[in-house]
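Student: Before I ask anything, let me first share the structure, which is written out below as structure tokens.
The values are calculated or read from the model by the stated rules, or taken from the named source; none is laboratory data. All figures in this text were calculated on a predicted structure; none of them were measured in a lab. Cβ placement follows ideal geometry from the backbone for every residue including glycine, while neighbour counts extend to all protein chains displayed.
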């Protein structure tokens, strides 16, 4: 049967630094020719002090996943009244919908947040829904284990392991945090109509998909897509590492909808974008209160 499988070229992350406290490898959806839809942006970041001022989002989910090796929590504040730590190994999914304000920051001495910030697009029919947040503690994230393989199934499912909290997300989405030891392999099924982003956090990785092979090293990514109409309902992605690797897989159903973007706003049309910007300026996204002791040295919104 015909399989409409597409694999991008290898893309290196763009280096971003803000002051002395924030550095990241950044990826934008435009670098992958539509193959990572619904992902709009990915930051693999390190943050050691408060950096971002309280800022708005609309039309997307702003997703934070803190890696297990982070030192200290990434503290969340939002205009929905949520406040608290995103601990190492935890997931915080902020579905901004029609608009809300938040910030996240390390607090205290000798903090080092090592994490992902992911902008996941909302379908046009949900961009004006009420905002909400889903928070998942580390002990509620299941794992798949095999010889030389450990995979945290942060959301979605893989190899028979599923997360209960996925039903609370706006749309289906799989996030895998995977570790391969020397000369080990792991396979994950990409569903028909789904796109994916594969990113190497550390080490080296060979990705094999339907006869296509890509070799990646730390800071590099590829996009993959199994398009609707393909003969196969799913296709296996095989991951191989000779020297050991830490990598992530982000995947979800492709929306195939137009984007109108302006910073943290992602809508379907220019008119909607202007409408949401005006709504924020008019105070319709709400406000948040950050204790004075935690609010120093913030510079910009993200």
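Student: Can you tell me which residues in segment 287-302 are out of contact with any strand residue (DSSP E or B) (no Cβ under 8 Å at 6 or more places or on another chain) and either in a helix (DSSP H, G or I) or modelled with pLDDT of 85 or more (or both)? Give the steps one after another, and end with the answer.
Tutor: Restricting attention to segment 287-302, the residues satisfying the condition of being out of contact with any strand residue (DSSP E or B) (no Cβ under 8 Å at 6 or more places or on another chain) are 291-293, 295-297.
Correct list: 292, 293.
Student: Can you pull out the residues in segment 218-236 that are over 19 Å from the mean Cα position of the chain (by Cα) and either within 30 Å of residue 68 (Cβ to Cβ) or crowded, with 24+ Cβ neighbours inside 10 Å (or both)? Walk me through how you get there before you give the answer.
Tutor: Residues of segment 218-236 that are over 19 Å from the mean Cα position of the chain (by Cα), as a first pass: 226-236.
Hits for segment 218-236 are 226, 234, 235, 236.
Student: Name the one entry in 12, 90 that is surrounded by 20 or more Cβ atoms within 10 Å (Cβ to Cβ) and at pLDDT 95 or above.
Tutor: 90
Student: Run down 160, 219, 211, 193 and say which single residue is touching a strand residue (DSSP E or B) at 6+ places or on another chain (Cβ under 9 Å) and over 18 Å from residue 236 (Cα atoms).
Tutor: On the way: 160 fails: over 18 Å from residue 236 (Cα atoms); 211 fails: over 18 Å from residue 236 (Cα atoms); 193 fails: over 18 Å from residue 236 (Cα atoms).
It is 219.
Student: So, of the residues in segment 275-286 that are touching a strand residue (DSSP E or B) at 6+ places or on another chain (Cβ under 9 Å) and over 25 Å from residue 66 (Cβ atoms), which turns out to be surrounded by the fewest Cβ atoms within 10 Å (Cβ to Cβ)?
Tutor: Start the filter on segment 275-286 by keeping residues that are touching a strand residue (DSSP E or B) at 6+ places or on another chain (Cβ under 9 Å), which leaves 275-277, 279-280, 285-286.
Filter once more, so that each one left must be over 25 Å from residue 66 (Cβ atoms): 275-277, 279-280.
On the way: 275: 17, 276: 26, 277: 17, 279: 15, 280: 20.
Per the criteria, the residue is 279.
Student: Can I ask one more? Looking only at segment 57-101, which residues are touching a helix residue (DSSP H, G or I) at 6+ places or on another chain (Cβ under 9 Å) and more than 28 Å from residue 178 (Cβ to Cβ)?
Tutor: 58, 59, 77, 97, 98, 99, 101
Student: In addition: Here is a list: 129, 82. Which entry is closer than 21 Å to residue 57 by Cα and surrounded by fewer than 16 Cβ atoms within 10 Å (Cβ to Cβ)? Can you show your working first?
Tutor: Values: 82 fails: surrounded by fewer than 16 Cβ atoms within 10 Å (Cβ to Cβ).
Within the list 129, 82, the selection yields 129.
Student: Can you name every residue in segment 242-266 that is in a strand (DSSP E or B), within 18 Å of the chain's Cα centre (by Cα) and more than 26 Å from residue 191 (Cα to Cα)? Outline the logic, then answer.
Tutor: From segment 242-266, those in a strand (DSSP E or B) are 245-253, 260-262, 265-266; that's our starting set.
Still in the running and within 18 Å of the chain's Cα centre (by Cα): 246-253, 261, 265-266.
Passing the criteria: 261, 265.
Student: Tell me whether segment 177-188 contains one or more residues that are modelled with pLDDT under 95 and surrounded by fewer than 18 Cβ atoms within 10 Å (Cβ to Cβ).
Tutor: yes
Student: Restricting the search to segment 205-226, which residues are within 16 Å of residue 251 (Cβ to Cβ) and outside any strand (DSSP E or B)?
Tutor: Matches in segment 205-226: 210 only.
Student: Please find, within segment 65-87, the residue that is modelled with the lowest pLDDT out of those that are part of a loop (DSSP other than H, G, I, E, B) and more than 19 Å from the chain's Cα centre (by Cα).
Tutor: Keep residues of segment 65-87 that are part of a loop (DSSP other than H, G, I, E, B), which gives 67-70, 72-73, 79-82, 87.
Keeping just the survivors that are more than 19 Å from the chain's Cα centre (by Cα) gives 72, 79-82.
Numbers: 72: 89, 79: 95, 80: 94, 81: 92, 82: 93.
Going through the qualifying residues, I end up with 72.
Student: For residue 34, all conditions in the list (1) at pLDDT below 95; (2) more than 16 Å from residue 116 (Cα to Cα); (3) buried (at least 21 other Cβ atoms within 10 Å of the Cβ) hold save one; what is the number of the exception?
Tutor: Of (1) at pLDDT below 95; (2) more than 16 Å from residue 116 (Cα to Cα); (3) buried (at least 21 other Cβ atoms within 10 Å of the Cβ), only one is false for residue 34: (3).
Student: Give all pairs with beta carbons closer than 8 Å in which a residue from segment 160-171 that is without any contact (Cβ under 8 Å) to a residue 24 or more places away in the chain meets a residue that is in a loop (DSSP other than H, G, I, E, B) and surrounded by fewer than 19 Cβ atoms within 10 Å (Cβ to Cβ); count only pairs at least 6 apart in sequence or on separate chains.
Tutor: 161/142; 162/142; 166/172
Student: Another question, if that's okay. From the list 153, 200, 136, 167, pick out the single residue that is under 18 Å from residue 44 (Cβ atoms) and either surrounded by fewer than 22 Cβ atoms within 10 Å (Cβ to Cβ) or modelled with pLDDT of 95 or more (or both). Walk me through how you get there before you give the answer.
Tutor: Numbers: 153 fails: under 18 Å from residue 44 (Cβ atoms); 136 fails: under 18 Å from residue 44 (Cβ atoms); 167 fails: under 18 Å from residue 44 (Cβ atoms).
One residue alone meets the criteria, 200.
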